[in-house]
Amino acid sequence: MTFGNGSPTVRNFLKIGSGYGFGPDTAAVVVGPAGLAYDALQDILFVASEKDDTIFALRGAGRTHTDLGTGTVVYQDAAHLHGPLGLIFAPNGDLLVANADPNVSQDPTEPSEIVEFTRSGSFVRQYSVDPNLGSAFALGVSRRDGAQVFAYVDDSLSTCTILTTLSSENGVASANASGEQ
């Protein structure tokens with residue numbers, strides 16, 4: 001891809017994944033593969049497929065010259081996945097996904113959650129960001145001034161919450177939340 005006059009030009013492309021479920025959804029317009037997280041050291045592209053309620057892994061995604069299909073199932077759990085959308089790596093290496101709660105897989109008792117699971121597919125924990133369905137949307141993790149920063153978008157409230165892990169003198173971490181938008 002090149003950028004000329006502020007607009008991108010695609011010179012060539014290679015389809016490396018296919019076969020994911022997709023289709024219309026009244027809560028989300030269209031659902032399908034949505035979140036991507038790439039591990040460059042292991043050359044694995046993780047794909048959150050909203051319609052399939054599944055996280056897949058495409059091994060060798062950065063080196064392939066062919067379509068790898070859907071890859072292998074990493075995490076599929078009807079109790080915790082409800083339209084996985086945003087997908088990122090947590091600082092500890094686990095995967096974090098935002099549940100979009102589309103009509104195809106809603107659970108009104110567990111709305112708008114961020115779910116953590118290991119790369120090998122073991123559930124770790126979940127956290128609801130809003131009591132309304134469809135609120136968990138985008139996720140982000142970075143470092144700022146020596147601290148870990150985690151952010152998530154609440155699509156229902158149109159807010160971005162930023163949590164900063166602060167290191168204390170005795171080595172105990174604490175979190176500081178702000179409603180930065």
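The values are calculated or read from the model by the stated rules, or taken from the named source; none is laboratory data. From a predicted model like this one, the values you see are computed outputs, not experimental measurements. Backbone-built Cβ (ideal geometry, glycine too); neighbour counts: all protein chains shown. Side chains included, ligands, DNA and RNA excluded: accessible areas come from the protein's heavy atoms. Shrake-Rupley method; radii C 1.70, N 1.55, O 1.52, S 1.80 Å.
Miscellaneous remarks
- Hull volume per residue, based on the alpha-carbon atoms of the range 1-100 and their convex hull, is 138 Å³.
- Extension gain (nm, one decimal) between N132 and N12, 0.36 nm per residue minus Cα-Cα: 39.0 nm
- Descending principal axes extents, the chain, alpha-carbon based, whole Å: 51, 39, 37
- Comparing the range 80-166 with the 2.2 N^0.38 Å rule of thumb, its C-alpha radius of gyration ratio is 1.06 (two decimals).
- If you sort V129, V73 by accessible surface, 1.4 Å probe, largest first, the order is V73, V129.
- Placing +1 on the Cβ of every Lys and Arg and -1 on the Cβ of every Asp and Glu, with no other charges, gives the range 102-161 a dipole of roughly 320 debye about its Cα centre.
- Each Lys and Arg Cβ is given +1 and each Asp and Glu Cβ -1; about its Cα centre, the chain then shows a dipole of about 780 debye.
- Amide H to amide H distances under 5 Å link T54 with S49, where only residues 5 or more positions off or on other chains count and H is placed in the peptide plane.
- Accessible surface of the chain, 1.4 Å probe: 54 percent of it comes from carbon and sulfur atoms.
- Normalised per residue, the accessible area of the chain is 56 Å², obtained with a 1.4 Å probe and no contribution from ligands, DNA or RNA.
- Cβ crowding within 10 Å averaged over residues, with 116-122, 9-15, 41-47, 81-87 ranked highest first: 81-87, 41-47, 116-122, 9-15
- Given charges at Cβ of Lys, Arg, Asp, Glu: the chain dipole, positive-most of H65, T164, G86: H65
- Additional length obtainable on full extension of the chain from S122 to F89, 0.36 nm per residue less Cα span: 10.4 nm
- Shape call, the range 4-61: gyration tensor on alpha carbons, a/c limit 1.5: oblate
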